[in-house]
Amino acid sequence: MRSLLRTIPLIGALLISAAPVQAFETLEELDKACQASEEAFKLCTGPAYHFSAIAGFSLLCKLREEGVITPEEFAAEYNEVLAGPNPDSKYLKVMWNSGIKAVLEDYPNCPIKPVP
């Protein structure tokens, strides 16, 4: 019985590893797949919002922390970012805010706030 319990997960892993994977070779193929449905579009754009929040706000917070930009310059850039492509769905706001939360872990004194 004990060896059977070890064998079942191994069989499952082998079946999963043998499943074919659809790889995209061009940007057009990826774009077509992302436009296939609303859910596919969310899956494609969500991580983009998350990582763009991390990249943009990490840079701003680091520049402010190091004194490269003034608090006024920081505020101007921060407001410009927030005025840009605002997430129009709850899912995208969640992804955006999760990026902001990640930045605040590295820069706890950075004056950024999640989007309501």
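The values are calculated or read from the model by the stated rules, or taken from the named source; none is laboratory data. What you see is a predicted model; the values in this text were computed from it and never measured. Neighbour counts are summed over all protein chains in view; Cβ atoms, including those assigned to glycine, are modelled from backbone coordinates with ideal geometry.
The set of residues in the range 61-82 being under 12 Å from Leu104 (Cα atoms) and either of a type outside the set (D, E, K, R) or without any contact (Cβ under 8 Å) to a residue 12 or more places away in the chain (or both) consists of Cys61 alone.
With respect to Phe51, is the statement that it is of a type in the set (Phe, Trp, Tyr), in a helix (DSSP H, G or I), surrounded by 11 or more Cβ atoms within 10 Å (Cβ to Cβ) and at pLDDT below 85 true? Judged against the criteria, Phe51 is not a match.
Please work out if Tyr91 is surrounded by 13 or more Cβ atoms within 10 Å (Cβ to Cβ), among the hydroxyl-bearing types (Ser, Thr, Tyr) and free of Cβ contacts under 8 Å to residues at least 40 places away in the same chain. Against the criterion (surrounded by 13 or more Cβ atoms within 10 Å (Cβ to Cβ), among the hydroxyl-bearing types (Ser, Thr, Tyr) and free of Cβ contacts under 8 Å to residues at least 40 places away in the same chain), Tyr91 does not qualify.
Here Glu80, Glu29, Glu72, Glu39 are screened, and the one residue that is in a helix (DSSP H, G or I), at pLDDT 90 or above and exposed (fewer than 14 other Cβ atoms within 10 Å of the Cβ) is Glu72. Being surrounded by fewer than 16 Cβ atoms within 10 Å (Cβ to Cβ) and not in a helix (DSSP H, G or I) narrows it down to one of Lys113, Lys101, Lys62, so name that one. After ruling out the rest, the residue left standing is Lys113.
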